[in-house]
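Trainee: There's a structure below that I have some questions on.
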């Protein structure tokens, strides 16, 4: 049995590592809706908060709008990037900031609606530099980055468009704001956001999940073999807890796969170490869950149940198991105590 002091120490250490590392580097996800008209511009609730927006322009050349309110002197930070996709080689989005009393620069196409009384600041695009993002992990082309102080209080707009006379459409992203903060629901739902980001990059959802599916398939075969050897195939707690553990390990496998995929598209840097932390922590939790579930199965002590419940809750906050794993770990901690061995009467 895992000693209590070791288990508690590991849980506290890995959870602390995971919670504190990304706070300094992550963006909260933000949806867009139908924002191809200025009247239906996507609302950015707090432009000082760090938001990440993943979207796409259509081939019809319609721009997309975002709006927010700021006070005089407040910083406005906008970063434009695009996906590294072989099917979008000529896609070149541009971003412009529109608002009262902004120092103007550049012009926008006729399709862009400019609010009455607003000035236009077209953000210059630089070279398409491939960038590695350790938090997702992912890679993209960084196009432009602009920070300005709002001259007056009021409503401002960001517009993303293609300046080409023959738009091709493509996938772009915006990072707005600098203040890193999360609500609890934003934090817990990040695994879903990451799956959406991987698809935004052009990956198929089935291929994204292959590392987890492979881990789960091989793992279940080994778990069945271990339970069969002990004539304990009907041990529900062992099955649920070990499946949760395999899902945790599968999350780490997905991260390792995405890291490798992104490095091939960008470059290898020291930031890979950050990604490795995100990969190792779910794997460690998975190993702990497997040990708790498969070692000394005949002893269903209260302490073991508490540990499984803790693992399930911790997994929610460190994005392990795609929600199913944490649920199974918690269920495993509360199923009936009595075990029925193979061949014994019901």
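The values are calculated or read from the model by the stated rules, or taken from the named source; none is laboratory data. Keep in mind that what you see is a predicted model, and the values were worked out from it rather than measured. Using ideal geometry, Cβ is built from the backbone for each residue, glycine included, and neighbour counts are taken over all protein chains shown.
Trainee: Report yes if residue 128 is surrounded by fewer than 18 Cβ atoms within 10 Å (Cβ to Cβ) and touching a strand residue (DSSP E or B) at 6+ places or on another chain (Cβ under 6 Å), otherwise no.
Mentor: It is true that residue 128 is surrounded by fewer than 18 Cβ atoms within 10 Å (Cβ to Cβ) and touching a strand residue (DSSP E or B) at 6+ places or on another chain (Cβ under 6 Å).
Trainee: Within segment 29-40, count every residue that is crowded, with 20+ Cβ neighbours inside 10 Å and either farther than 20 Å from residue 113 by Cβ or at pLDDT 95 or above (or both).
Mentor: Total meeting the criteria: 1.
Trainee: Still on this structure, please answer the following. Can you tell me which condition residue 136 does not meet? The list is (1) modelled with pLDDT of 90 or more; (2) crowded, with 17+ Cβ neighbours inside 10 Å, and all the others hold.
Mentor: Going through (1) modelled with pLDDT of 90 or more; (2) crowded, with 17+ Cβ neighbours inside 10 Å one by one, residue 136 breaks only (1).
Trainee: While we're here: Hey, can you tell me all the residues within segment 99-129 that are over 16 Å from residue 165 (Cα atoms) and either assigned by TED's automatic domain parsing to the domain that holds residue 265 or touching a helix residue (DSSP H, G or I) at 6+ places or on another chain (Cβ under 9 Å) (or both)?
Mentor: Correct list: 113, 114, 115.
Trainee: Against the condition closer than 15 Å to residue 243 by Cα and either assigned to a loop (DSSP other than H, G, I, E, B) or at pLDDT 80 or above (or both), how does residue 321 come out, does it pass?
Mentor: The answer is yes for residue 321.
Trainee: Would you confirm, using the coordinates I've provided, whether residue 249 is touching a residue at least 12 places away in the same chain (Cβ under 8 Å), closer than 23 Å to residue 206 by Cα and surrounded by fewer than 18 Cβ atoms within 10 Å (Cβ to Cβ)?
Mentor: It is false that residue 249 is touching a residue at least 12 places away in the same chain (Cβ under 8 Å), closer than 23 Å to residue 206 by Cα and surrounded by fewer than 18 Cβ atoms within 10 Å (Cβ to Cβ).
Trainee: Are any of the residues in segment 269-286 without any contact (Cβ under 8 Å) to a residue 24 or more places away in the chain and not in a helix (DSSP H, G or I)?
Mentor: Yes - at least one qualifying residue is present in segment 269-286.
Trainee: Of everything in segment 305-324 that's in contact (Cβ under 8 Å) with a residue 60 or more places away in the chain and over 20 Å from residue 136 (Cβ atoms), which residue is farthest from the chain's Cα centre (by Cα)?
Mentor: 307
Trainee: Taking segment 47-74 on its own, how many of its residues are out of contact with any helix residue (DSSP H, G or I) (no Cβ under 7 Å at 6 or more places or on another chain) and under 14 Å from residue 158 (Cβ atoms)?
Mentor: Of the residues in that region, 13 qualify.
Trainee: Just one of the numbered conditions (1) touching a helix residue (DSSP H, G or I) at 6+ places or on another chain (Cβ under 9 Å); (2) surrounded by 17 or more Cβ atoms within 10 Å (Cβ to Cβ) is not true of residue 266; which one?
Mentor: The one condition residue 266 does not meet is (1).
Trainee: If you don't mind, another one. Scan segment 279-286 and tell me whether some residue there is out of contact with any helix residue (DSSP H, G or I) (no Cβ under 7 Å at 6 or more places or on another chain) and under 30 Å from residue 130 (Cα atoms).
Mentor: No: segment 279-286 contains no residue that is out of contact with any helix residue (DSSP H, G or I) (no Cβ under 7 Å at 6 or more places or on another chain) and under 30 Å from residue 130 (Cα atoms).
Trainee: Now for a separate question. Given the condition part of a loop (DSSP other than H, G, I, E, B) and within 30 Å of residue 190 (Cβ to Cβ), answer yes or no: does some residue in segment 120-127 qualify?
Mentor: Yes: one or more hits.
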